Amino acid sequence: MASDGITSKAVPVAPNPEEGDGTVVFRTVAKVTDVHESGNSVQVDFEDSASHTIQTITGDLVIVADGSTSSIKKILLPGATRHFAGYISWRGAVPEHASKKYAEKFVFQLMNRNYLLHYTIPTDEGNLDPGKRLHNWIWYQRVNEQELNSIFTDINGPQHQGTVARGLLDPKIWEKQKAVASKTMPEELSQILHSTSSPFVSKIYDASLTKAVFFGEKLFLIGDALTTIRPNAGMSTTYAAYAVNELEKVVEGNQTPSR
Ligand SMILES: Cc1cc2nc3c(=O)[nH]c(=O)nc-3n(C[C@H](O)[C@H](O)[C@H](O)COP(=O)(O)OP(=O)(O)OC[C@H]3O[C@@H](n4cnc5c(N)ncnc54)[C@H](O)[C@@H]3O)c2cc1C
């Protein structure tokens, strides 16, 4: 935790490096544009958004973890695709004081061919104090093609392939969704949804590549870039964390890569 040295309300003191730890450099305005083998190394090209220049670094080992829309996997495996899983997730967060009843409650609200998850999360600043946290909710729902098209057309007109971000959801669409919540959920749970000021909605995709290891074990794809698991009950984050632990064993020579 806080290996980046950044402090927050939840982690007021970042831990010191341990003996033997190396140096880590986080580059926050760099977009990787290409990777290729170069002798015994891997060359990584990236665009530095601050200086608007293309720069290059080389490494003995490169780990590609650029998420479900990975542009690097498309370079490594040009035929890689992902498939819409047939359902979407509506999401939002509201201050904890919106409902005492649901504070710290982990709720599975099962409905007809759709369900909602609710749990308490810290604020963006990492505040975990009781009463100061957030209610977080995720509502998974099956939709047909026509509904999909209208939900993913944002307030300004463009269609989105993955997520309609906060502030872009058409209010008419959200009003309709709130009416469904009023009809199908317990009143106080529905109220949490009604008091959400900027919900957002995402399509759920399945994606799994046939190859994770490239350039003679010098480049590994992991996390969502390799396999996008449906996010039910935290499964996709759990999988990404599991992959990190497994890769550590490979890097330390205690396990051979499976692919
Ligand atoms: C809206 C939404 C809701 C989700 N909800 C849940 C949930 O409730 N439960 C659950 O388990 N999972 C959920 N997930 C999935 C979860 O976020 C992922 O499984 C997890 O974050 C995967 O981790 P990752 O490190 O592989 O990729 P990510 O966390 O996606 O990280 C990829 C990183 O790579 C960076 N990047 C991308 N392209 C480049 C590039 N070219 N150059 C440099 N950097 C790049 C991105 O900026 C990002 O920081 C959700 C995902 C989304 C989008």
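Relative contact order of segment 83-204: 34 percent, from C-alpha pairs under 8 Å at least 6 residues apart in sequence. For segment 171-190, the residues whose amide N sits under 13 Å from a probe point set 7 Å from the Cα of Lys105 along the beta carbon direction are 185-190. The simple spin-label model puts a point 7 Å past each Cα toward its Cβ; for Tyr115 and Glu19 those points are separated by 4.9 nm. Put simply, the Cα atoms of the chain extend 63, 46, 40 Å along their principal axes, the longest span coming first.
For the chain, what relative contact order do you get, as a whole percent, if you take Cα pairs closer than 8 Å and at least 6 residues apart? The normalised contact order for the chain reaches 19 percent. Placing a pseudo-label 7 Å from each Cα along the Cα-to-Cβ vector at His97 and Asp34 gives an inter-label distance of 5.6 nm.
To check you understand DSSP bridge types, tell me what percent of the beta bridges within the chain (both residues inside) are antiparallel, rounded to 5.
On the way: 50 of 53 bridges.
Percentage antiparallel, nearest 5: 95.
Could you give the distance between the Cα centres of segment 1-50 and segment 209-259, to the whole Å? First find each Cα centre; the distance between them is then 18 Å.
Carbon and sulfur atoms: what percent of the 1.4 Å accessible area of the chain do they account for? Don't skip to the answer; put the middle values down first.
Numbers: 8170 of 15540 Å².
Here it works out to 53 percent.
Scale the Cα Rg of segment 83-204 by the rule-of-thumb value 2.2 N^0.38 Å and send over the ratio, two decimals. Mind dumping the intermediate values first?
Values: Rg = 14.4 Å, N = 122, 2.2 N^0.38 = 13.7 Å.
Cα Rg divided by the expected 2.2 N^0.38 Å: 1.06.
With a probe of 1.4 Å, find how much accessible area the chain has per residue, and write the answer as a whole number in Å². Intermediate values should be presented prior to the final figure.
Working: 15540 Å² over 259 residues.
Accessible area per residue: 60 Å².
Each residue of segment 243-250 was assigned a 3J(HN,Hα) from its phi angle through the Karplus curve 6.51 cos²θ - 1.76 cosθ + 1.60 (θ = phi - 60°); the sequence is 4, 5, 4, 5, 5, 4, 5, 5 Hz, with glycine and proline shown as x. For segment 40-148, the list of chymotrypsin sites (Phe, Trp or Tyr not before Pro) that fall in a loop by DSSP and count at most 10 other C-beta atoms within 10 angstrom reads Phe106. Adding -39500 (n - 2.57) for every DSSP H run of four residues or longer, then dividing by how many residues the chain holds, sets the calculated 222 nm ellipticity at -6000 deg cm²/dmol. Computed over the chain with a Gaussian network model linking Cα atoms closer than 10 Å, the most mobile of Ser195, Ser89, Ser49 is Ser49.
The values are calculated or read from the model by the stated rules, or taken from the named source; none is laboratory data. These figures come from a predicted structure and were not determined experimentally. Because the Cβ atoms are built from the backbone with ideal geometry, glycine has one as well, and the counts that use them run over all protein chains shown. Heads up: the accessible areas ignore ligands, DNA and RNA and are worked out on the full protein's heavy atoms, side chains in. Shrake-Rupley method; radii C 1.70, N 1.55, O 1.52, S 1.80 Å.
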